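The structure under discussion appears below in the form of C-alpha cells.
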C-alpha cells in the first residue's frame, strides 16, 4: 500500500520520492506565480501581458514527455 501511494508514480517518471516532491513543489510555485501574474493582468491589462502564458508553455515543455 505504501509503495503504491508514495512510490509508484515517482518511479514511473524515473525519479525518487524526494526528486519528485522537489519537482512537483517547484512546479506548484511556478503555477502560483503564473496565477498571480494572470490575476494582476485581469485587473490591469497592460501588466504581465504574456507572463502567465509564457510560464505555462515553458512548464508544458518540461513535462509533456516525462516518463516516456
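For segment 42-68, the candidate set comprises residues that are free of Cβ contacts under 8 Å to residues at least 40 places away in the same chain and touching a helix residue (DSSP H, G or I) at 6+ places or on another chain (Cβ under 7 Å); within that set, the residue that is farthest from residue 4 (Cα to Cα) is 47.
Within segment 20-40, can you find the residues that are surrounded by 11 or more Cβ atoms within 10 Å (Cβ to Cβ) and out of contact with any helix residue (DSSP H, G or I) (no Cβ under 7 Å at 6 or more places or on another chain)?
Filtering segment 20-40 for residues surrounded by 11 or more Cβ atoms within 10 Å (Cβ to Cβ) gives 20-24, 26-27, 30-31, 33-40.
Listed by number, the residues that qualify are 21, 22, 23, 24, 26, 31, 35, 36, 39, 40.
Restricting the first member to segment 1-13 and to residues that are farther than 19 Å from residue 62 by Cβ, and the second to residues that are in a helix (DSSP H, G or I), the beta-carbon pairs closer than 8 Å and six or more apart or on different chains are 6/17; 7/17. Report whether or not residue 66 is at pLDDT below 95 and over 13 Å from the mean Cα position of the chain (by Cα). Answer is no for this residue.
The values are calculated or read from the model by the stated rules, or taken from the named source; none is laboratory data. These numbers come from a predicted model, not from an experiment. Note that we place each Cβ from the backbone using ideal geometry, even for glycine, and neighbour counts take in every protein chain shown.
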